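All of the numbers you see were taken from the coordinates with simple rules; none came from a lab. Predicted, not measured: the structure shown is a model, and the values here were computed from it. Because the Cβ atoms are built from the backbone with ideal geometry, glycine has one as well, and the counts that use them run over all protein chains shown.
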Amino acid sequence: MSNLTGPNIQLNELGQLHHFLTIEGLKQHHLVEILDTAESFINPKTREIKQVPILRGKTIMNLFFEPSTRTRTTFEIAEKRLSAQVESLDIQTSAAKKGESLLDTLWNLQAMQTDMFVIRHAQSGAAQFFSQHVAPHVHVLNAGDGQHAHPTQAMLDMFTIRKHKGSIYDLKVAIVGDVLHSRVVRSQIQALSILEAREIRVVGPKTLMPESPDAMGIHIYHDMEEGIKDVDVIIMVRLQNERMTSALIPSEKEFFKLYGLTKERLALAKPDAIVMHPGPINRGVEISSAVADGPQSVILEQVTYGIAVRMAVMSIIMSNAAQLKQHHAEQEAAQASLNLDDPLTLDAIVEANS
Ligand code: NCD
């Protein structure tokens, strides 16, 4: 079982990523390494994402306990581009239905020589729970857990911003919509602040905002026009109706009237502002078709970059594992030579041979 605990729950003893569960607690160099590695997978001329043999012989299992289109498919494509063996399980239709416990399912799947699990689950903390119960050589990637985190989505968003703006540093970013229930927004805010965005604004009605914004280092706006004024990046997010326990907005029509991103409103942001959305988009609820399909929208680019970014995370984790193995081998070798240099040991050998 993994012995990673505390704040370094996802880092190995060399401070490198062993799992990828959350953006929280990571250093800038961890994020930059992911962005730079993702860049290396994209052919600069054709913009095609390369096929590389980095994970040949490795088995990756995608466990989706919650529905997903983009995340699941781009993970699968990324795994195949890295030449891994890929298995995807729709867990809703498998053993869980027959009463098998989650951990028994996990251990059975691990026994099939799995090197890495990609997990999406409706329960916050699910990926971390799995990471604490897998064998030490097995890695867990969080593909979205409840309202908690969606770290690869945040990284593909950072990648898309960097592609268009050169860097995250000094940018003004507005995130609009259901901030309260969104795991994507939580991870985005952490990534933006680690990468030193100048200003992070969240925009929406009181009922959809976090209770302690100061702790998150963000500025809250309830007025859409004010909130997106002069920003470099607008990130729209969906109303997470499945996570609302009561009606938190009067109606979708009303929401669009107050917070929907229209062409007129977009004109308040910087002229070269980009419009992003993790998907799925709801046209006429949080975004108009004219904006979603318009020249400032980079929504579909986000999906494409998701492949390169997920390849980056997986290849970094496997390369870290190889480095750790090497480190342990060197430590053992150093220990062995120490023992040889030890005069007591030499004396003992001489005596034993005399
Ligand atoms: C998001 C998710 O599932 O967290 N989508 C995604 O992964 N691209 C956002 C959402 O469901 O609104």
Surface/4 of the Cα convex hull for the chain, nm²: 22.7
Furthest towards positive pole of dipole, Ala154, Gly177, Gly204, structure part region 151-297, Cβ charges: Ala154
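Roughly what % of DSSP beta bridges within the chain run antiparallel, to the nearest 5?
Numbers: 3 of 38 bridges.
Antiparallel: roughly 10 percent of the beta bridges in the chain.
Which pairs break 21 Å Cα to Cα here: Lys206/Lys253; Lys172/Lys257; Lys206/Lys257; Lys50/Lys325?
On the way: Lys206/Lys253 17 Å; Lys172/Lys257 24 Å; Lys206/Lys257 16 Å; Lys50/Lys325 27 Å.
In this structure, Lys172/Lys257; Lys50/Lys325 lie more than 21 Å apart at Cα.
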Grab the other residues whose beta carbon is less than 15 angstrom from that of Val237, score K and R as +1, D and E as -1, and report the net. +2
Would you give the gap between the C-alpha center of region 35-75 and the C-alpha center of region 227-301, rounded to a whole Å? 27
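If you average the sequence gap of Cα pairs under 8 Å that are 6 or more apart and divide by the length of the chain, what percent do you get for the contact order? Present the calculation step by step, with values, prior to reporting the outcome.
Values: 617 pairs, mean separation 64.4, N = 354.
With pairs under 8 Å counted, the relative contact order is 18 percent.
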Which listed residue (Gln113, Gly306, Leu195) has the Cα farthest towards the positive end of the charge dipole for the chain, taking +1 on Lys and Arg C-beta and -1 on Asp and Glu C-beta about the Cα centre? Gly306
Would you calculate a helix-derived [θ] at 222 nm for the chain, using -39,500 (n - 2.57) for each DSSP H run of n ≥ 4 and dividing by the full residue count, to the nearest 500? -12500 deg cm²/dmol
Percentage of interatomic Cα-Cα distances in region 7-125 larger than 24 Å: 38
Lysines within cross-link reach of Lys45: Cα-Cα under 26 Å, excluding same-chain residues under 8 positions apart? Lys80, Lys163, Lys165
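In debye to the nearest 20, how big a dipole does the chain give about its Cα centre with +1 on each Lys and Arg Cβ and -1 on each Asp and Glu Cβ? Present the calculation step by step, with values, prior to reporting the outcome.
Numbers: 33 positive and 41 negative charges, 287 e Å.
That gives a dipole near 1380 debye.
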I'd like to know which of Gln10, Val231, Gln331 lies farthest towards the positive end of the charge dipole of the chain, counting +1 on Cβ of Lys and Arg and -1 on Cβ of Asp and Glu. Val231
Report the net charge of residues surrounding Ile249, where surrounding means a beta-carbon distance below 12 angstrom and charges are Lys +1, Arg +1, Asp -1, Glu -1. -1
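Within region 137-218, list the trypsin sites (Lys or Arg not before Pro) lying in a DSSP loop whose Cβ has at most 13 other Cβ atoms in a 10 Å radius.
Working: sites: Arg162, Lys163, Lys165, Lys172, Arg183, Arg186, Arg198, Arg201, Lys206; in loops: Arg198.
Filter output for region 137-218: Arg198.
When only DSSP loop residues count, what GluC sites (Glu not before Pro) in region 203-287 have their Cβ near at most 15 other Cβ atoms within 10 Å?
Details: sites: Glu211, Glu225, Glu226, Glu242, Glu252, Glu254, Glu264, Glu286; in loops: Glu211, Glu286.
Here the GluC sites (Glu not before Pro) that fit, given the DSSP loop and packing criteria, are Glu211.
Under a point-charge model restricted to the Cβ atoms of Lys and Arg (+1) and Asp and Glu (-1), what is the dipole moment magnitude of region 92-224 relative to its Cα centre, in debye to the nearest 20?
On the way: 12 positive and 12 negative charges, 60 e Å.
So the magnitude is around 280 debye.
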Selected from Thr71, Thr114, Thr207 as most flexible by GNM, with the chain as the system and alpha-carbon contacts under 10 Å: Thr207
Taking every other residue with Cβ under 13 Å from the Cβ of Lys50 and scoring Lys and Arg +1, Asp and Glu -1, one gets +2
